[in-house]
Amino acid sequence: MTAIRQMTYQPVGRRAAAVETMTFDRLRALNDGGTQRADFHVLAVVDAGRGSVTVDFLDHPLQERSAVWIAPGAVHRWGDIAGVAGHLVLFVPNAPVTHATRELVAAPDLVAHWRIPDADWPFVDTARNHLLLEASAPPEDIPTELPEILLSALVTRLRPPHAAAQSTHPVFHLFRSSVEAHFRDHHDAGYYARTLGYAPRTLSRAVQQATGRTAKAYIVERLVLEAKRLLAHDRLTAARCADALGFPDASNFSVFFRKATGMRPGAWQATATSDAM
């Protein structure tokens, strides 16, 4: 991890690996207080102390025996972490070795922060410590999959919760994956119904059952999140956001954004960036 605003995966240890670890002491040394957006997962386990982290414009408290999961692409900013003790695990999306944990880390609806139940803590702590030990092996050691295996064990023990909308409905899962892949180019629910081979009513019913929202509302929410990321972190203009998100022009994008958020893109950007100073 580095202190630059746009982070790509560059191992912080001495050997190239899909999994790296660091302490909150190291994070404090690297953190410049600004927003960050990484192309890797950041998983934090807090042992003690209190602080805060903002993930995609929502504030989360850091406290003893809590965990934070920041998925690739999420805009985040560490708040007051001066008294926080614990560890962070940085890993690329394909690092987990089991099918279940790979599916879990690929889910777009993981909760960013949760409290680790007391009954689970001994197992989480042991899994974390084993991973830390293996990740600190000398670089001359023969490379193995042990860090990836132990990461999978830690993820399993942490049991990261999904958002309340988590559903096993197969139609919704297909829709969610398709939206994640194509929302920049296709904003209408009809496209996804046609592409997935379902009647619009069937698709709408599946999304409503899973999320309590219409398919159109789900797409709008995803577009708004990406627009906020681009405005706050990348500091794009409305015109460049429109281009990046498949809108005909800046005016069309501005109308969409204001209808969804109640604010014009420029006004929202000014507020978001001033809060991050």
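Restricting the search to helices (runs of 4 or more DSSP H) fully inside region 175-277 and requiring at least 1 residues that are within 26 Å of ILE70 (Cβ to Cβ) gives 200-211, 215-232, 238-244, 250-261, 265-275.
Let's see how each residue does on (1) of a type in the set (A, V, I, L, M, F, W, C); (2) modelled with pLDDT of 80 or more; (3) under 13 Å from TRP78 (Cα atoms):
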residue	(1), (2), (3)
ILE4	yes, no, no
PRO11	no, no, no
MET22	yes, yes, no
ASP32	no, yes, yes
ARG37	no, yes, yes
VAL42	yes, yes, yes
ASP47	no, yes, no
GLY51	no, yes, yes
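PRO108 - would you say it is in a loop (DSSP other than H, G, I, E, B), surrounded by fewer than 16 Cβ atoms within 10 Å (Cβ to Cβ) and assigned by TED's automatic domain parsing to the domain that holds HIS76? Against the criterion (in a loop (DSSP other than H, G, I, E, B), surrounded by fewer than 16 Cβ atoms within 10 Å (Cβ to Cβ) and assigned by TED's automatic domain parsing to the domain that holds HIS76), PRO108 qualifies.
For region 22-77, residues that are under 20 Å from HIS130 (Cα atoms), in contact with a Lys or Arg (Cβ under 9 Å, 6 or more places away or on another chain) and in contact (Cβ under 8 Å) with a residue 60 or more places away in the chain total 2. The number of residues in region 25-78 being under 26 Å from LEU231 (Cβ atoms) and either outside any strand (DSSP E or B) or not assigned by TED's automatic domain parsing to the domain that holds TRP121 (or both) comes to 15. A count restricted to region 193-218 and to residues that are farther than 14 Å from VAL179 by Cβ and not charged (D, E, K, R) stands at 7. Just one of the listed residues (ALA227, ALA206) is modelled with pLDDT of 95 or more and surrounded by 14 or more Cβ atoms within 10 Å (Cβ to Cβ), namely ALA227. Per this entry, ASP141 is not counted among residues that are charged (D, E, K, R), under 25 Å from LEU225 (Cβ atoms) and at pLDDT below 95.
The values are calculated or read from the model by the stated rules, or taken from the named source; none is laboratory data. From a predicted model like this one, the values you see are computed outputs, not experimental measurements. Virtual Cβ from ideal backbone geometry, glycine too; neighbours counted across all protein chains shown.
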